[in-house]
Amino acid sequence: MHEILTNAWFGLMCLMLAFYVITDGFDLGVGILSLFSREEAERDQIFLSIGHVWDANETWLVVLGGAMFGAFPVAYATLMEQLYIPVMALIAFLIMRGAAIEFRHAAQRRRGWDIVFGLGSLGAAACQGVILGQVITGLAPGLVPAGFTAVSALGVIAGYALLGATYLIKKAHGALVEASRSHAVIALMLSFGAAAALTAGTMLSSEIGHGRWMEPGVFPLLVVLAGLATFAGGYVLYSLHIGASHGPFRGAVGLFLASFLGLGISVFPDIVPGKLSLAEAASDSATMAFMLCGIAVVFPVMIGYNLYQYHVFRGRVQLDH
């Protein structure tokens, strides 16, 4: 029973993280791309495109942190101790973004808040990439893990920029849409380059490559997922080529889901590869069962609210002339 609860909570946390990465990923991405917009009218469209969803998207990160604290307290303590600086920096950058969104509309000179918003988005994405790289390398010190972590940060920035660009293609108007198509191609190429470098690095220097990937049946499954990710990337390029509005974003989401599923399979049954297993990090059965009752109520409400707000605010942004 304890093993079932442990695996169930690992699956739920992976699902929460996937929801966060995709939803907050695109609004971090549009923030990164706002740094390349010279026209205030274009930045107005960027803020309008996420104004109704950005705060709800970040709720998934709060729930994920609470779930790890309750279900895997040893992992929470270990990761917070080792990753205190990037986690605190991540929170600071998210606060910068929130302040910029809230205060920009009342400012007479908006450019300053636009820069704060863009830098906050870029910094938050970089911090998440650093955290991902550190976890995958098992929190190992040294130059090789540091290089792996740097590539991971660049990959997350590029991936979020891809989500943001494809999101703007279906939400924005005019020249911003065309610029976003160009940004999407560049971000996709950078994402695939970072993914290839991380895959090679994992095989050579990570506990995942030496252990989990060599287990029977794991590597062929990862090859299938890599093929799906490649297909999704090709679909993004095809959709961009034919001028589709929604296809590029769907392809980008598919690319992230395939990659994320591969990451989850690679890490399992550890929560920190080579250092801490799920069984070692898990709470007792009574705690996890009690939490499961609570999340059974909260989870559908959160998903339902997200779906409802995206439905209500579907379509392109309405510009106030």
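Derivation of every value follows stated rules applied to the coordinates shown; laboratory data play no part. This structure is a prediction, so every number in the text was calculated from the model and none was measured. All Cβ positions, even for glycine, are placed from backbone atoms using ideal geometry, and neighbour counts span all protein chains on display.
Some notes on this structure:
- The range 51-193: radius of gyration and largest Cα-Cα distance (Dmax), Å: 17.0, 51
- Expressed as a whole percent, the proportion of Cα-Cα pairs in the range 21-134 lying more than 22 Å apart is 35%.
- MRE, 222 nm, helices only [DSSP H, n ≥ 4, -39500 (n - 2.57), over the chain, to nearest 500]: -28000 deg cm²/dmol
- When peptides 178-188, 117-127, 294-304 are ranked by their average number of other Cβ atoms within 10 Å per residue, the highest-first order is 117-127, 178-188, 294-304.
- Note on the range 47-102: Kirkwood hydrodynamic radius from all Cα pairs is 12.8 Å, rounded to one decimal.
- Placing unit charges on each Cβ (+1 for Lys and Arg, -1 for Asp and Glu) gives the chain a dipole about its Cα centre, and among PRO216, PHE47, ALA8 the Cα reaching farthest toward its positive end belongs to PHE47.
- Taking the chain as a Gaussian network of alpha-carbon nodes connected by springs under 10 Å, the highest mean-square fluctuation of the residues MET189, MET214, MET68 belongs to MET214.
- Once the Kirkwood radius over Cα pairs is known for the chain, the Stokes-Einstein relation at 25 °C and 0.890 mPa s delivers a diffusion coefficient of 121 µm²/s.
- Förster-model FRET efficiency, 25 Å R0, TYR84 and ALA279, C-beta, rounded to 0.05: 0.50
- Magnitude of the charge dipole, the chain, Cβ model with Lys/Arg +1 and Asp/Glu -1, debye to 20: 760
- Shown is the FRET efficiency for ARG316 and ILE91, computed with R0 = 35 Å from the Cβ-Cβ distance and rounded to the nearest 0.05: 0.60.
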